[in-house]
Amino acid sequence: MLQRIVLAVVVAIGVTIACIVVGGVLITIDVAIAVTIGRDLEKFGAAIGILAGLWYLFSGASWWPRSKAPE
């Protein structure tokens, strides 16, 4: 359980950083819709990251292969 919590925190931090970086890139483009989306990603990046971490924690998703029980 502790491993899943740690991985959920890592996912939340990764998604937050990705949102901030992508938002910053979109802001540098001089297209109105891209600037709007970029600002929203930067503003709500932390909330999106927290939601992604909670989803990862409670959904049971995992990047690690699960070992099958012997048949």
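The values are calculated or read from the model by the stated rules, or taken from the named source; none is laboratory data. Keep in mind it's a predicted model, so treat the numbers as computed, not measured. Cβ placement follows ideal geometry from the backbone for every residue including glycine, while neighbour counts extend to all protein chains displayed.
Results for (1) surrounded by 17 or more Cβ atoms within 10 Å (Cβ to Cβ); (2) under 17 Å from the mean Cα position of the chain (by Cα); (3) at pLDDT 95 or above; (4) of a type in the set (Asp, Glu), shown as yes or no for each residue.
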residue	(1), (2), (3), (4)
VAL6	no, yes, no, no
VAL9	no, yes, no, no
LEU26	yes, no, no, no
ALA32	no, no, no, no
GLU42	yes, yes, no, yes
Query raised in the report: Quick check, is ALA47 exposed (fewer than 13 other Cβ atoms within 10 Å of the Cβ) and part of a helix (DSSP H, G or I)?
Result: yes
Report task. State all residues of region 11-31 that are closer than 18 Å to PHE44 by Cα and either of a type in the set (A, V, I, L, M) or not in a helix (DSSP H, G or I) (or both); if no residue qualifies, say none. Result -> VAL11, ALA12, ILE13, VAL15, ILE17, ALA18, ILE20, VAL21, VAL22, VAL25, LEU26, ILE27
